[in-house]
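A short write-up of the structure that comes next.
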Amino acid sequence: MKILFILIFLSIFLYALIRPFENILAKSYLLFGSICGTLSIVFNSSLNNLAYSLGFENGSPTFFLYISLVILFLLIFYSSNEFSKLNRRNEKLAKEIALINRKLDDHISG
C-alpha cells in the first residue's frame, strides 16, 4: 500500500513539473504537497520522532493535521484575495460596458 501512495505522489510531482501553470502558487502547492506526501510515507518513524520532540503527543497524525490546517488557511486566504481581485475587475468592466452602451445610445438617438 505504501508503494501505491509513493507512486501517486511521485506522479503528482512529475505532473507539476511537466504541466505549464499560469499560477506559480498552484504549481508550488502541488510540488510541496507531493514532496511532503512522499517524505511522510518514506520517513514515517523519523516524522513521528520529530512530532514527539515538537510536543505533539499523538505523533505525526496530529502534526500533519496542524500543518494541513495552516496550508488550508493559506489557500483559503489566497483564493479569497484572488476572488476579490476578479470581482473588482468585473465591476470595472461592467462600468466600462455601461459607458460604451450609453455613448452608443446617445449617438444613435442624437
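Computed values, structure above
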read-out: Among the candidates 63, 56, residue that is not charged (D, E, K, R) and not in a helix (DSSP H, G or I); value: 56
read-out: The listed residue being out of contact with any strand residue (DSSP E or B) (no Cβ under 9 Å at 6 or more places or on another chain), surrounded by 10 or more Cβ atoms within 10 Å (Cβ to Cβ), at pLDDT 85 or above and not aromatic (Phe, Trp, Tyr), out of 60, 79, 11; value: 11
read-out: Number of positions in region 82-110 that are surrounded by 10 or more Cβ atoms within 10 Å (Cβ to Cβ), more than 16 Å from the chain's Cα centre (by Cα) and of a type in the set (Asp, Glu); value: 3
read-out: Which listed residue, of 47, 31, 69, 39, is surrounded by 10 or more Cβ atoms within 10 Å (Cβ to Cβ) and farther than 20 Å from residue 10 by Cβ; value: 69
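The values are calculated or read from the model by the stated rules, or taken from the named source; none is laboratory data. It should be emphasised that the depicted structure is a prediction, and the values quoted were computed from it without experimental measurement. Ideal geometry is used to build each Cβ from the backbone, glycine not excepted, and the neighbour counts take in all protein chains shown.
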